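Reviewing the structure listed below.
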Amino acid sequence: MQFSPEAVRLFEASVPKQFRSLILKAALGKLATEPNKPGKSTKRLSAGRPPYFHGKDVWQCRVQEWRFFYVLEENRIVVFFVGRKGRKTTEEMVQEYE
């Protein structure tokens with residue numbers, strides 16, 4: 001699994017320091033088993049609905065209030081966006097961090 005520099009920056013900006021290890025451990029545990037299988041906390045995002053990640057086959061992993069967006073590339077997971085969703089739509093959350 002790999003985190004892009006932007007994902008690391010967003011993770012550190014959105015997750016309070018005291019919760020980082022807990023949230024990261026939960027996300028890694030969920031993504032380590034079957035990252036490309038839709039389930040209760042993992043889903044594939046529709047290409048035709050916002051937010052648009054043009055040219056990417058994007059998956060989302062939910063850990064409490066945080067969302068990890070990732071792509072699958074050559075048998076590895078690349079996390080490229082992390083944000084705190086709260087009561088916002090996914091589109092609003094992404095726009096907040098742009």
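A short reminder: the numbers here are calculations on the coordinates, not readings from a lab. Here the structure is a predicted model, which is why all the values come from computation and not from measurement. Glycine gets a Cβ as well: all are built from the backbone with ideal geometry, and neighbour counts include every protein chain shown.
The table below lists the values:
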| item | result |
| --- | --- |
| Among ARG84, ARG76, ARG67: highest mean-square fluctuation, GNM of the chain, C-alpha pairs under 10 Å | ARG76 |
| Potential lengthening between HIS54 and GLU12 on full extension [0.36 nm per residue; Cα-Cα distance subtracted] | 12.6 nm |
| Intensity falloff of the chain expressed as log10 I(q)/I(0), Debye formula with alpha-carbon point scatterers, at q = 0.13, 0.21, 0.23 Å⁻¹ | -0.40, -1.14, -1.40 |
| Per-residue Cβ neighbour rank within 10 angstrom, fewest leading, PHE53, PHE69 | PHE53, PHE69 |
| Fully extended contour minus Cα-Cα distance, from THR33 to GLU73, at 0.36 nm per residue | 12.8 nm |
| Estimated 222 nm signal from helices in the chain, with DSSP H stretches of n ≥ 4 weighted -39500 (n - 2.57), rounded to 500 | -10000 deg cm²/dmol |
| Gain on full stretching of the segment that runs from LYS43 to PHE19 - 0.36 nm per residue minus C-alpha separation | 6.3 nm |
| Where Cα atoms sit under 15 Å apart: lysine pairs in the chain separated by 8 or more or lying on different chains | 4 |
